Amino acid sequence: MSKDGYEKDMVKIDPITVAEPQSVGTRALRHELHIPLRYRLEGQQNWLPGEAINMSETGLLFSSDHLLEVNDRVQITFQNSEPEMKSSMRVARVVRRILSNWPETRVKFAARFCS
């Protein structure tokens, strides 16, 4: 050990130079997924197919061939293809709808998870 109490091989790190990975600006950190999901309007029986594009701790961007309205509440489930794996379901509120130009015809929806 040196006289300042640090081991010889240790390097001092200035905490100001370490980036915070939790968020980008004021937005939650998003993770690209591109995995299938199913969703339905709250209170409905039929599930519709969609694809998760990215997800954060606060919400989800997903695409679908079916139209949803802003403020619709949806139940979203992610299922693994393995039968012994459990699915997870979240309730979310649609906060934005993004209509795409040709050739992309699927509508994208931003949904915020309900607590």
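The values are calculated or read from the model by the stated rules, or taken from the named source; none is laboratory data. Predicted model only: the values in this text are computed from it and were never measured. FYI the Cβ positions are ideal-geometry reconstructions off the backbone, even for glycines, and counts take in every protein chain you see.
I'm checking my understanding of the structure. Among residues of region 23-69 that are closer than 20 Å to residue 106 by Cα and among the hydroxyl-bearing types (Ser, Thr, Tyr), which one is surrounded by the most Cβ atoms within 10 Å (Cβ to Cβ)? If we take residues in region 23-69 being closer than 20 Å to residue 106 by Cα and among the hydroxyl-bearing types (Ser, Thr, Tyr), then 39 is surrounded by the most Cβ atoms within 10 Å (Cβ to Cβ). Just checking, does region 72-82 include any residue being acidic (Asp, Glu) and modelled with pLDDT of 95 or more? Yes, region 72-82 has at least one match. Every condition in (1) outside any strand (DSSP E or B); (2) farther than 21 Å from residue 114 by Cβ; (3) modelled with pLDDT of 90 or more holds for residue 36 except the one numbered (1).
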